Amino acid sequence: MSRLSFRMLLLAAFMTVLTLAIGIGASFVITYLDIYDLTAEMPLAGWSELRAMLPDDPVIRARFQELFVRYSHTDIRPQDWFFIAITAAISTLLGGAVAFVFARRLSRPITAVADAAVKVAAGEQNVRIAPMVLAGEVAELVGSFNAMAASLDAYGRERSILTAGIAHEMRTPLTVLRGRLHGLIDGVIAMSDAEASTLLRHVDRLSRIVEELRTLAHAEVNALTLDRRMVDLTETAHLAAADLGPLTAEGDVTIAVAGAAPPLFCDPLRISQALTNLIYNAVKHAPPASQVLVSLEQSGAHVSIAVMDAGPGFAAEDHDRLFAPFWRANSPANAAKPGSGLGLSLALKIAQAHGGTITATNRKGTNGAIFTLWLPLHQAE
């Protein structure tokens, strides 16, 4: 039985007890009035004779009955009907008042939820129900609605940010492609292998953004397809570091891989993608002539792959936004760094699809940040 049903049952029981109490009280009042009528109309000699009838004797009992019938007026008189009507009215009013108070207390938050739901359906995302003194399921209903409205509001803001980020990231290559294609058509730019390579590079960038968005969308609805098999994570880390070698050479940054991890049942392409994104993010923030360290180890029932850089780290207030799509720390240096802004978001979604996660901390005693990919060691095939 739910708590709301139990409370309604208690209300019904209370109303029954209240009605019985009023009825019993009314019967006592009627009995008192009957006795009052008996003693008021009976002469003193009759009252003395009544008191003498205490012994248990049939003759005395018959005489007592005769006197009682003669003077007590046991038949229902008009004033008795009036008293019964007053008693019923008082019982109804008191019971109705109690029921109204309880019903009002229960219906007010439910009505507030219904009105707020209509506003949310109309597009108002900042609707919240004011705090009330509530308990039980009704309090849970109000709390759940406020949590849902807050989630919808946050989702709306994230969607706006995501849309703006998509437009920002795609605008630059599209603008370049449009300008250079117009130049080719007008004859201002000569067609050459170098020009074709430039155009192809921007097309590849657009394709990469679209593919990352598609992967992120599938991960959001738990529809990311995983081709699981036994994977050597140590080898995967070394291959990811080698693939990013040309990028690190430009900034004189080196990538070192240390430690080892046992084989894991996972999707090798997805894990490689997540690890590459973490290393690429570390390389972007690493200062010149520094090292990005990739450390693998087994920690209990998990495998951890930590990616450490020697960059500036991140502000404490930015921790909860590190994995938001297209989010960048508000600094000129970060604004100038390359990338689609989806790398960390994709890495986290891939880790979650494997039952793991990614944590981010600043390095203690030195500059830099640590992004650690955690994957459960034992997973069902």
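Quick look at the numbers
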{"item": "Residue that is under 18 Å from G343 (Cα atoms), in a helix (DSSP H, G or I) and at pLDDT below 90, where the choices are A237, A249, A196, A219", "result": "A219"}
{"item": "Yes/no for R180 being within 26 Å of F323 (Cβ to Cβ), touching a Ser or Thr at 6+ places or on another chain (Cβ under 8 Å) and of a type outside the set (A, V, I, L, M)", "result": "no"}
{"item": "Of all residues making up segment 258-298, the number that are within 23 Å of R229 (Cα to Cα), free of Cβ contacts under 8 Å to residues at least 40 places away in the same chain and in a strand (DSSP E or B)", "result": "3"}
{"item": "Whichever residue in segment 118-159 is among the small types (G, A, S) and outside any helix (DSSP H, G or I) and, among such residues, is modelled with the lowest pLDDT", "result": "A135"}
{"item": "The one condition in (1) in a helix (DSSP H, G or I); (2) crowded, with 19+ Cβ neighbours inside 10 Å that I255 fails to fulfil", "result": "(1)"}
{"item": "Breaking point among (1) farther than 22 Å from L216 by Cα; (2) free of Cβ contacts under 8 Å to residues at least 40 places away in the same chain; (3) of a type in the set (A, V, I, L, M), for L322", "result": "(1)"}
{"item": "Residue identified as farther than 30 Å from T372 by Cβ and either without any contact (Cβ under 8 Å) to a residue 12 or more places away in the chain or not in a strand (DSSP E or B) (or both) among R205, R171", "result": "R171"}
{"item": "One residue from G245, G300 being surrounded by fewer than 16 Cβ atoms within 10 Å (Cβ to Cβ) and under 39 Å from the mean Cα position of the chain (by Cα)", "result": "G300"}
{"item": "L269 being among the hydrophobic types (A, V, I, L, M, F, W, C), closer than 14 Å to A351 by Cα and exposed (fewer than 15 other Cβ atoms within 10 Å of the Cβ)", "result": "yes"}
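The values are calculated or read from the model by the stated rules, or taken from the named source; none is laboratory data. Since this is a predicted model, take the numbers as computed values, not measurements. Here the Cβ is made from the backbone with ideal geometry for all residues, glycine too, and neighbour counts use every protein chain on show.
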